[in-house]
1. Once the convex hull of the C-alpha atoms of chain C is built, how many Å³ does it hold per residue, rounded to a whole number?
2. How much length is gained if the chain between A:Ala233 and A:Asp249 is pulled fully straight, taking 0.36 nm per residue apart and subtracting their Cα-Cα distance, in nm to one decimal?
3. If we sort B:185-197, C:189-201 on the protection proxy, mean other Cβ atoms within 10 Å, highest first, what's the order?
4. Averaged over B:185-194, how many beta carbons belonging to a partner chain fall within 10 Å of each residue's beta carbon?
5. List, shortest first and in nm to one decimal, how far the label point of B:Gln34 (7 Å from Cα along Cα→Cβ) is from its counterparts in the other copies.
6. For every other residue with a beta carbon closer than 13 angstrom to the beta carbon of C:Arg226, add +1 if it is Lys or Arg and -1 if Asp or Glu, then tell me the sum.
7. What is the distance, in nm, between label points placed 7 Å from the Cα along the Cα-to-Cβ direction at C:Asn269 and at C:Thr3?
8. In the stretch C:54-196, if every C-alpha pair distance is counted and binned at 10 Å from zero, what percent goes to each bin?
Amino acid sequence: MNTLQNEVVSLQEVAAGCFTVVIDNPPYNLVDAQVFAGLQAVKSFAEDPANGVRVLVFKSANPEFFLNHVGLVMADQDGSAGEVSEPLEIMQGWPAFSHWLSSSPVVTIVILRGRAWGFGCEFALSADMRFASKENTRLCLLEVGFGALPGGGGLEWSQLLAGRARAMEFVLSSDDLEADTLELYGLVNRSLPDAELDASVDKLARRIASFNPAGVAMAKSYLTKRQPVPLPADLAEISAAAGGLLSTDAGQAVVGRLIVKAGGVPFSNEVELDLPKLCDVD
Amino acid sequence: MNTLQNEVVSLQEVAAGCFTVVIDNPPYNLVDAQVFAGLQAVKSFAEDPANGVRVLVFKSANPEFFLNHVGLVMADQDGSAGEVSEPLEIMQGWPAFSHWLSSSPVVTIVILRGRAWGFGCEFALSADMRFASKENTRLCLLEVGFGALPGGGGLEWSQLLAGRARAMEFVLSSDDLEADTLELYGLVNRSLPDAELDASVDKLARRIASFNPAGVAMAKSYLTKRQPVPLPADLAEISAAAGGLLSTDAGQAVVGRLIVKAGGVPFSNEVELDLPKLCDVD
Amino acid sequence: MNTLQNEVVSLQEVAAGCFTVVIDNPPYNLVDAQVFAGLQAVKSFAEDPANGVRVLVFKSANPEFFLNHVGLVMADQDGSAGEVSEPLEIMQGWPAFSHWLSSSPVVTIVILRGRAWGFGCEFALSADMRFASKENTRLCLLEVGFGALPGGGGLEWSQLLAGRARAMEFVLSSDDLEADTLELYGLVNRSLPDAELDASVDKLARRIASFNPAGVAMAKSYLTKRQPVPLPADLAEISAAAGGLLSTDAGQAVVGRLIVKAGGVPFSNEVELDLPKLCDVD
């Protein structure tokens, strides 16, 4: 069986052509440079025909967090003041990676358990399918509450999956939705009892991986042809717009105020567990 | 706090940037010239940057009717015969007003309680978001049953929100749907217990109004850019088509028959309360 | 009342302009040349203005099967070996027929009771509306599991009705969904108790048929104008792609293996009742 491993992202072949990717970046699965390097390595691995990847299932080793936001970078590095931004290498690499999730002949499936805040939520929404733990899933796009907008595909995918009105609510509220509402809104394929979640997705993934790969790839390709997915240029444009908002005085003021409210960066585990609360009206 | 008031439409600022608009046109909240003038005044008020409007919540003072159809105009003014049409100033002004609801940087939210027939339903569907009273909401596009078609955006928004098959059912049946089906179909964001409805929407509206306005406006703008909303020219075209149907002999015959069946115009409160029944097969 | 009848497809006018089409091709409602000729006759009948067809309701005489796949043709006709394909006259005629279901001024409604596998499922999805028996509906697009892809509109309609992620699941899994999940996904308008299904659809169909035909036709036409349906050329293209996959060595190997697994063709009633199981991972 094929495997691939860095310290935070590991890949394992569970059946012919069917691979599981586990993300494990304690304490709360932030998307940092190492996680992104691991995800890029998964992409490179899957793009090599010699590895025979047909289906990728992404999951987390941490039941509290599927995948979290990108850690903010402070210009003065002391975590309490100065200009705040997001790591450049992730922002620059994301459009191509995100587009690959939806345009690759490989089928990408996400097992959602725990929280997915910000970028982690955008990642989940960009995959081909998502199945959520009924008891333990919370998704939130925090960006508008932090003064910017979701620049990693979360805005586009929310609308493609849930329609305009519910995407508007999800994006503008910067508040979290739980599994049953995510299912109602179409933001996840289905909300499943936690105890059945992994086995149910595993069965689906193995089934698809067992089919004629040419048929699977052509079906995905036709779905994309009939309803185009966000292109790298679209994602780069909205990412730049989000970065622009974050760098304005108004944007920096919001982030600065929220960092103070949270007790400084990096945020504590308690703050992370209820991050949407940080955007509550005071 | 900023306010604006005519006899039937009043506006009040409930938190910085967050405004409530109450429509109150007894006995059953018809859209007449005065209501439309009030709605136009709300638009002008919201377009003036000096007023700082970020979020508008529309609601009704009448728990039986959110907002009703446009009162029909009889050519001979006696309410029992002659050519029937809809008031010209509303028909001509509506495309620009409706488009503003979805294209303005101001976020527009509707609290649905009671009935929304015809134009009132088209108004509700054109706003950015809608939340419905679980126990007390009925929406109906009556126009096809009256021999014409929904010419105020109801057809387009039904399809954008609910998809083709359910829009087809909703538009062609000219029958009403209640809150839980509206939620299933995506025609409302959510169906909420009546006792929680106002507080829930109020919390959402205040939250959005508290965020960086540039981020909120840009997020709404990108949602509109990625999936265009009906343009004024589109709405004017379908409005003209609907008016054309209504003015044919066949269209006038249907309306004439229904007016007789209803016992003349204006309709009684009893007829208005169950208006979709008027289109039942005899 | 107008009627039309061949041995397997019969049409009856149940109210002015409102017609029921019953498909009855024992033992399990395969789409064969005779069924397709019957459906084409219904189309021709409905296209003749003299017949006054406004609404068509399609249903099955067999409670176990709404409509089934196309019977595979074996090049050597002995049912156990040789090259396998689908009947040419159905494949060539389908794009125009399918497009007519969604583009005709006649309103097309499907009563779903029992199984709809493959082509039968594509037929159901191509109609304007679908209502399903809550206790007794199973839809499956088997084509990917058989090494090809749904070439009769099932892929496009799944995505138009259910969105990309759920269409991806439905199409790629080649597994069946039951009524309540179909309703959640938007693949049917509604899941109704079996005992209420026929009366509920009958009421809707008669209601629409009683309205001004010009209004009904124009409303359907505007829905199609605002969100285009698959064109005959689109359907012919994907049908050719599906046929191409089926004729590759890999495609023929899959079908050959599944035919052996099923015990030869034609499949037994037991195999047909659980056809998606044939694609289970061994």
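Every number in this text was worked out from the coordinates using simple rules, so none of it is lab data. Quick caveat, the model's predicted, so the values are computed rather than measured. Here Cβ is always computed from backbone atoms with ideal geometry, including for glycine, and neighbour counts include all displayed protein chains.
1. Values: hull volume 33.8 nm³, N = 282.
Output value, Cα hull per residue: 120 Å³.
2. Numbers: separation 16, 0.36 × 16 = 5.76 nm, distance 2.66 nm.
Gain in length upon complete extension: 3.1 nm.
3. Numbers: B:185-197: 20.7, C:189-201: 18.1.
Per-residue mean Cβ counts within 10 Å order the peptides as B:185-197, C:189-201.
4. Numbers: counts 3, 9, 1, 2, 10, 6, 1, 0, 0, 0.
Mean inter-chain Cβ contacts per residue within 10 Å come to 3.
5. Nearest to farthest, the other copies are at 7.0, 7.0 nm.
6. Details: positive: B:Arg164, C:Lys220, C:Lys225; negative: B:Glu156, B:Asp234, B:Glu237.
So the environment of C:Arg226 carries a net charge of 0.
7. 2.7
8. Going from the shortest bin to the longest, the percentages are 12, 42, 34, 10, 1.
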